[in-house]
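Notes for the one structure printed next.
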Amino acid sequence: MRENTFTLQQGSSPLAVIWVWRGLMLAAAILLLTLYGTVLDGYEITIVVLAAVGLAFLGQNWRGFRWHALITAVLSLWAVKRYGSDLKLADTDFLLNYLLSSQSAIMWMSALFLMAMLAYFTGLFMRSEFSDKVGTGLTWTAVTMGMIGLMVRWRESYLISPDVGHIPVSNLYEVFILFAVITALLYLFYERRYQTRALGGFVLLVISMAVIFQLWYTFGRGANEIQPLVPALQSYWMKIHVPANFVGYGAFSLAAMIGVAYLLKTWQTSSNPQGVLATRLPLLPVMDDLMYKAIALGFAFFTLATILGALWAAEAWGGYWSWDPKETWALIVWLNYAAWLHMRMTKGWHGRPMAWWAIIGLFVTLFAFLGVNMFLSGLHSYGTL
Amino acid sequence: MSRPSFARRLFSFLSTMDLAITLLLTLAIASIIGTVLQQNQPYPDYLLKFGPFWFDVFESLGLYDVYSAAWFLLILVLLVVSTSVCVFRNAPTMVREIWQLRTQVQAKSLRAMQHHEQWTQSSDVETLTAQAQAYFTQQGFRNKVVARPEAGETLISAMKGGMNRMGYLLTHLAIIVICLGALLDSNVPMKLAKWQGNLQVETRDLSISKVPQESRLAVGNHAFRGSISIPEGKSASVAFIGLEDGYVMQELPFKIAVKDFRIAHYATGQPKSFESDLVITDPELESPLEQTISVNHPLSYRGYTIYQASFADGGSLLTLKPWALSQEIGPFDTAFNTKVFDKQATAWGSNAAQLEITNFRVFNINPDPTDDEPGNMRNFGPTINFKIRSKTGEAREYENYMLPVPRDGRDYFFSGVRENPNETFRYLYLPVDDNGSVAGWVAFVGALQDTELVDMIAAEMATITLSDVTTEKGILQKNLHNSLAALVELFLRGGFSEVGRFIEASLPEADREALGAAYLAMLREMLGRVYIHTLDQPAIQTITDLNDEQVFFLQDAVTAVGALPLYGAPVYLELTDYTHIQATGLQIAHMPGKPIVYLGCAMLIIGVFLLFYLPQRRFWLILKPEQNGCNLLFAGMSNRNPYEFDSFFDQTYQQLKQAVEGNFDPEKRSESMT
């Protein structure tokens, strides 16, 4: 019969739960549009509606995500209420100061991600299922704190001054948090889907590097301060272009870390078949499939994001394509993964070379994301070091 | 057997996946060049950077505009050709796959599939067939029942997700569509026109009316991206397109007038918006079209898009007061009027020949040096930039602040100087006198340059210094007097470093330390006395009579005079009044290929998602009558996501089993699956 015993977790939720969830998202969208419909323009209303549809879709068969979204919503709104109109409460109000101000929430996120990585690796190497589960719990908590941090930061920017207010995806500091949160969410999705926690440490490794960079950026450069938007960024496009891009970056990172795990497993399978990596990491074809899934997801969203970026450029830079270094590097990343996918889908390449290629792909992606800002000059200089 | 023809071999080579992947990666690598080497910079910059040999090599490779270099376009063309051939070859199969149900499969091949199940039911074939078909239809499968009397069996072939194949077609056609659209919008036609000799690249800095006919592009439907800077109150109906080492001029079918340009700032000083009020006049319009544009909000008119791209000075009117820094040329009593970008001959001494005003800025928002928090921005007020060009053509560039700027708790007029644009400005800090003017310092400079005055003060100081000396008083006084005057002269010529050099050169090493210090002290005393003289206050006779303010002023004034030889200008230009006139930098684009490119983008996005997230799933059910009922053979396959298909197959199998028994309730989700 089947070649292996592995089965995917489809995890359908009870129908009643799905409908309650969809109803809740509908209600939230209606409430939002009734309260604030007058100050939103057509694009923003569309974004609200699409966000509600997206959340309804993501949460309908994913219990963890539903809790994550609910807790984020409740705690963020609580923080907004605590703030009132006084930003200074961030230092004086106990709850805000120690938990819910964006800076505190992000610090919690950072600490929790680092702890989650340790827990996952402990679980893997000590063969402890309990530690694995702790890893999952910590990752969910970190994701939630990170998301709360972003939500509250969004509000804080408006408290500085209404004309300063903007969605917190406008500079390198903010997108690093977005990156950590999105990558972790993607991982959690696949963790549940593929019923394995053994890859957690590897994925959290790349997230932890982002977290460490973000901590340096905060304490070394004071990058956490909220800055007003330069005119070129004052556009509704930012709300969709940036998150779409980071789904791409997150998925590519995930694929690369699975690639690392894949190579480690092949290596240990030949040298020490009873080793932890050889026995506890998922089956090679499963990791191979997962790597493909992640790259396909990343590619789809990266395509979308690059096209959205082109549409934005046509409004802001005088043309949909200017061969700006950021645009060109986006094309390079795209071409690289397009080649990867062709290799895999039509030439049927599998296994080690594709794992290596996925890892190299991460470096190409990393250069497009960071290197361009650091070493090259161009129009897209919104996050400089 | 004959060899396949060359055309056929070429065709199959072009459609190979190896070529496609090679081209994708080659394009990726080639694209890197243009990100590492800044594109479309002025050619002299490249020449300076690479030297004459490599400059020529790189130019012939088209590296300064690599994305429209012939070889780069060739890679793109090859990619499009390879994709086209691939689509051409595969399209018939793909289109068939979208709709066609496979009805030729045999029971043997179904049993060989990874996903298959076999079971028996007691009902008759007809009932089961009807129920199974109803199930597939209800689940959204296209399906077809085929009776096979020769084998004594019935086949139901069902399929879902045929549009997955459409994903292949859409993504690949999208690449072709996008590239064709982009080709329409590229500057390739312009380069061809130049190559054919119909278009000349202009490299000189000419006024619009002087641009020759062969460098002008008439109104047409070709694509271009040009720019133009229009001062407030002025208008233009052309745009300049950068091409190679110069430009060509594009004529527009309408006139753009600029009523006003505005910059709004955040409370922190960072710019918040750039806006231009435009008026479009066009014979086709009944009344002029008025529209405000800003970054992210361009104006689209008749297929042209007008963007807010930059801003510059538009020839602001300035009133400048020159302060002579040299005895030969002053003093001046009147200010004069000029405007930004004006060049005028000057009468400032032997060396200066021309004054060129290069820029004026109302705001200079810089980090506040007096603030503890770096990054706290403050507005330091207006500045002018100008060059003073000597008769031999060399120029120094200056940057003068209109208002005093605080530095370490005291106010100064800043004046920066640099020899070439790559340097940063070195600043002269001129102390502000009691009247808030630079006059006090200029008077001090004047007094130091007044040799008679210096001579008198030197004589006076020599007398006082040597009042206790009895022997040879006359000679000593004379010597000291001369030395003091000479020290001041040295100081004027080269600051303290010149004095230091003199001490080094003229004093014996043994005495150098003691005497050198004495010389410097005497020089300071002299400078103080000259300063006191300029104050013209009888109550102040010696340095000890100066108040703190005056002592600080003297220190700063001396420092500034010491730096003066490096400053190199015969005058200090004070900006006393201005009328700000700005120019808005517009980018004007005409992109007829845009709708085509956008169509391609839509195809690409839809295609990619269909390709990855709509797996094509096929199922077959063969029903064969048996003694006690019917044997059912069920099999399925998916072209994507094998692991998801595992459970999908199981689920379908369970539901189908219930359905043929008449027990399947589509409203009830099977709880066993969770």
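The values are calculated or read from the model by the stated rules, or taken from the named source; none is laboratory data. Bear in mind the structure is a predicted one, so any value in this text is a computation, not a measurement. Positions of Cβ are backbone-derived with ideal geometry, glycine not excepted, and every protein chain shown enters the neighbour counts. SASA here: full protein model, heavy atoms, side chains in, ligands and nucleic acids out. Shrake-Rupley method; radii C 1.70, N 1.55, O 1.52, S 1.80 Å.
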Can you find a residue in segment B:446-456 that is more than 18 Å from B:Asp556 (Cβ to Cβ) and crowded, with 21+ Cβ neighbours inside 10 Å?
yes
Kindly provide the set of residues from segment B:457-472 that are assigned to a helix (DSSP H, G or I) and touching a helix residue (DSSP H, G or I) at 6+ places or on another chain (Cβ under 9 Å), ordered by number.
B:Ile457, B:Ala458, B:Ala459, B:Glu460, B:Met461, B:Ala462, B:Thr463, B:Thr465
Is one or more of the residues making up segment A:164-181 outside the structural domain of A:Leu370 (by TED's automatic domain parsing), over 20 Å from the mean Cα position of the chain (by Cα) and modelled with pLDDT under 95?
yes
On the given criteria, is B:Gly600 in contact with a Cys (Cβ under 9 Å, 6 or more places away or on another chain) and within 13 Å of chain A (Cβ to nearest Cβ)?
yes
Note down all Cβ pairs under 7 Å where the first residue falls in segment B:487-511 and is modelled with pLDDT of 85 or more, the second is open to solvent by 70 Å² or more (accessible area, probe 1.4 Å), and they're at least six residues apart or on different chains.
B:Leu490/B:Phe502
Residue match in segment B:200-223 (condition: within 14 Å of another protein chain (Cβ to nearest Cβ), β-branched (Val, Ile, Thr) and open to solvent by less than 50 Å² (accessible area, probe 1.4 Å))
no
Can you pull out every residue in segment A:35-48 that is surrounded by fewer than 12 Cβ atoms within 10 Å (Cβ to Cβ) and either in a helix (DSSP H, G or I) or within 14 Å of chain B (Cβ to nearest Cβ) (or both)?
A:Leu35, A:Asp41, A:Gly42
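When residues of segment B:645-674 are filtered for being among the hydroxyl-bearing types (Ser, Thr, Tyr), modelled with pLDDT under 80 and in a helix (DSSP H, G or I), how many remain? Spell out the reasoning first.
From segment B:645-674, those among the hydroxyl-bearing types (Ser, Thr, Tyr) are B:647, B:652-653, B:670, B:672, B:674; that's our starting set.
Those still in the list that are modelled with pLDDT under 80 too: B:670, B:672, B:674.
Subsequent filtering for residues that are in a helix (DSSP H, G or I) retains B:672.
Final tally of qualifying residues: 1.
Please work out if A:Pro228 is in contact with a strand residue (DSSP E or B) (Cβ under 8 Å, 6 or more places away or on another chain) and open to solvent by 10 Å² or more (accessible area, probe 1.4 Å). Step through it out loud before you land on a result.
Values: in contact with a strand residue (DSSP E or B) (Cβ under 8 Å, 6 or more places away or on another chain): yes; open to solvent by 10 Å² or more (accessible area, probe 1.4 Å): yes.
When the stated conditions are applied, A:Pro228 passes them.
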Yes or no: A:Leu32 of a type outside the set (D, E, K, R), open to solvent by 40 Å² or more (accessible area, probe 1.4 Å) and within 27 Å of A:Gln234 (Cβ to Cβ)?
yes
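Being closer than 25 Å to B:Tyr301 by Cβ and open to solvent by less than 50 Å² (accessible area, probe 1.4 Å), is that true of even one residue in segment B:549-560?
Step one: of segment B:549-560, the residues closer than 25 Å to B:Tyr301 by Cβ are none.
Among the residues of segment B:549-560, not one is closer than 25 Å to B:Tyr301 by Cβ and open to solvent by less than 50 Å² (accessible area, probe 1.4 Å), which makes the answer no.
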Given (1) more than 27 Å from the chain's Cα centre (by Cα); (2) open to solvent by less than 40 Å² (accessible area, probe 1.4 Å); (3) acidic (Asp, Glu), index of the condition B:Asp65 fails
(1)
Would you mind telling me which numbered condition in (1) modelled with pLDDT of 95 or more; (2) surrounded by 17 or more Cβ atoms within 10 Å (Cβ to Cβ); (3) more than 11 Å from chain A (Cβ to nearest Cβ) B:Asp313 fails?
(1)
In segment B:233-280, which residues are open to solvent by 40 Å² or more (accessible area, probe 1.4 Å), more than 24 Å from the chain's Cα centre (by Cα) and away from chain A (no Cβ under 12 Å)?
B:Gly233, B:Lys234, B:Ser235, B:Ser237, B:Glu251, B:Lys255, B:Lys259, B:Asp260
Every residue in segment B:564-589 that is assigned to a strand (DSSP E or B) and away from chain A (no Cβ under 14 Å), please.
B:Val571, B:Tyr572, B:Leu573, B:Glu574, B:Leu575, B:Thr576, B:Asp577, B:Tyr578, B:Thr579, B:Gln582, B:Ala583
What's the total number of residues in segment B:561-589 that are open to solvent by 10 Å² or more (accessible area, probe 1.4 Å) and over 22 Å from B:Thr383 (Cβ atoms)?
3
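Return the residues of segment B:36-50 that are free of Cβ contacts under 8 Å to residues at least 60 places away in the same chain and within 14 Å of chain A (Cβ to nearest Cβ); say none if nothing qualifies. Full working, then the answer.
Residues of segment B:36-50 that are free of Cβ contacts under 8 Å to residues at least 60 places away in the same chain, as a first pass: B:36-39, B:41, B:44-50.
If the condition is that a residue be free of Cβ contacts under 8 Å to residues at least 60 places away in the same chain and within 14 Å of chain A (Cβ to nearest Cβ), then B:Val36, B:Leu37, B:Gln38, B:Gln39, B:Gln41, B:Asp45 are the ones that fit.
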Checking the structure you have, find out if any residue of segment A:201-209 is surrounded by 23 or more Cβ atoms within 10 Å (Cβ to Cβ), within 14 Å of chain B (Cβ to nearest Cβ) and within 22 Å of A:Phe301 (Cβ to Cβ).
no
Among A:Ala330, A:Ala305, which is the only one that is more than 9 Å from chain B (Cβ to nearest Cβ), open to solvent by less than 10 Å² (accessible area, probe 1.4 Å) and modelled with pLDDT of 95 or more?
A:Ala305
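Among the candidates A:Met151, A:Met238, which residue alone is touching a residue at least 60 places away in the same chain (Cβ under 8 Å), within 13 Å of chain B (Cβ to nearest Cβ) and either open to solvent by less than 20 Å² (accessible area, probe 1.4 Å) or not basic (Lys, Arg) (or both)? Before you say what the answer is, go through the steps one by one.
Details: A:Met151 fails: within 13 Å of chain B (Cβ to nearest Cβ).
Step by step, each of A:Met151, A:Met238 is checked, and only A:Met238 is touching a residue at least 60 places away in the same chain (Cβ under 8 Å), within 13 Å of chain B (Cβ to nearest Cβ) and either open to solvent by less than 20 Å² (accessible area, probe 1.4 Å) or not basic (Lys, Arg) (or both).
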Odd one out for B:Leu448, checked against (1) assigned by TED's automatic domain parsing to the domain that holds B:Ala563; (2) in a strand (DSSP E or B):
(2)
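Go through segment B:172-190 and give me each residue that's part of a helix (DSSP H, G or I) and among the small types (Gly, Ala, Ser). Let's see the steps before the verdict.
If we filter segment B:172-190 for residues that are part of a helix (DSSP H, G or I), which is where we start, we get B:172-185, B:188-190.
Passing the criteria: B:Ala174, B:Gly181, B:Ala182.
Looking at B:Pro592, B:Pro615, B:Pro642, B:Pro625, which is the one that is on the phi < 0 side of the Ramachandran plot, modelled with pLDDT under 90, away from every other protein chain (no Cβ under 11 Å) and surrounded by fewer than 22 Cβ atoms within 10 Å (Cβ to Cβ)? Please lay out each step first, then the result.
Numbers: B:Pro592 fails: modelled with pLDDT under 90; B:Pro615 fails: modelled with pLDDT under 90; B:Pro642 fails: away from every other protein chain (no Cβ under 11 Å).
One residue alone meets the criteria, B:Pro625.
Condition first: in a helix (DSSP H, G or I), facing chain B (nearest Cβ under 10 Å) and charged (D, E, K, R). Can you find one or more residues in segment A:263-285 that meet it?
Within segment A:263-285 (the criterion being in a helix (DSSP H, G or I), facing chain B (nearest Cβ under 10 Å) and charged (D, E, K, R)), the answer is no, since none of the residues qualifies.
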Note down all Cβ pairs under 7 Å where the first residue falls in segment B:203-222 and is in contact (Cβ under 8 Å) with a residue 60 or more places away in the chain, the second is part of a helix (DSSP H, G or I), and they're at least six residues apart or on different chains.
B:His222/B:Pro189
Count - residues of segment B:1-35 that are facing another protein chain (nearest Cβ under 10 Å) and of a type in the set (A, V, I, L, M, F, W, C):
12
Just to check your reading of the model, which residue among A:Ala51, A:Ala79, A:Ala73 is open to solvent by less than 30 Å² (accessible area, probe 1.4 Å), part of a helix (DSSP H, G or I) and not aromatic (Phe, Trp, Tyr)?
A:Ala79
When you go through (1) among the hydrophobic types (A, V, I, L, M, F, W, C); (2) over 27 Å from A:Trp19 (Cα atoms); (3) at pLDDT below 95; (4) assigned to a helix (DSSP H, G or I) one by one for A:Met107, which number turns out not to apply?
(3)
